[in-house]
Amino acid sequence: MTPRRRAFLVLVISFPLVTSLLLRTYGWLNVLPLPWRGTLGGVGLVLGFNYLPFMLLPILRAYERADATLVQAALDLGATPLQAFCRVTVPLTLPGAISGAGSGIHSGQR
């Protein structure tokens, strides 16, 4: 991905962080269809989108720090792209995923 496109996507992902949680939640009242409001699915959707940036940004940072030559080496040694992803990329980015899973709690967003 080009640096310009990556910067744009990081901006789009992090844009909800500049608005308050309450404002984002009330904003969803205009987006959700009336039958979904207050249901378990609707609440889960809103919570998922509210906390998505807190999960994606640490994973993106861990992915950027991962050594891309390790995936290339796995492919050269006969791994399929799915195997290389599961056995190389996932373990390398797992600390970012763990960090992202706890970041919503530790950032004061409850």
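The values are calculated or read from the model by the stated rules, or taken from the named source; none is laboratory data. Quantities reported herein were computed from a predicted structural model and do not represent experimental measurements. Please note: Cβ atoms are built from the backbone with ideal geometry, for glycine as well, and neighbour counts cover all protein chains shown. We work out accessible area using only protein heavy atoms, side chains counted, and drop any ligands, DNA or RNA first. Shrake-Rupley method; radii C 1.70, N 1.55, O 1.52, S 1.80 Å.
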| Looking at the stretch 1-33, which of the residues that are in a helix (DSSP H, G or I), open to solvent by less than 100 Å² (accessible area, probe 1.4 Å) and of a type in the set (S, T, N, Q) is farthest from residue 62 (Cα to Cα)? | 25
| query | Is there any pair linking a residue in the stretch 36-58 that is without any contact (Cβ under 8 Å) to a residue 60 or more places away in the chain to one that is not in a helix (DSSP H, G or I), with Cβ under 8 Å and at least six apart or on different chains, and which? | reply | 42/32; 45/32; 46/32; 50/109; 51/109; 54/107; 54/109
| request: Could you check, for the stretch 70-81, whether at least one of its residues is without any contact (Cβ under 8 Å) to a residue 40 or more places away in the chain, in a helix (DSSP H, G or I) and surrounded by fewer than 10 Cβ atoms within 10 Å (Cβ to Cβ)? | output: no
| request: Go through the stretch 43-69 residue by residue and tally those that are farther than 30 Å from residue 22 by Cα and open to solvent by 60 Å² or more (accessible area, probe 1.4 Å). | output: 6
| Mind checking which residues of the stretch 34-69 are of a type outside the set (S, T, N, Q) and part of a loop (DSSP other than H, G, I, E, B)? | 37, 38, 66, 67
| Quick check, is residue 90 assigned to a helix (DSSP H, G or I) and surrounded by 14 or more Cβ atoms within 10 Å (Cβ to Cβ)? | no
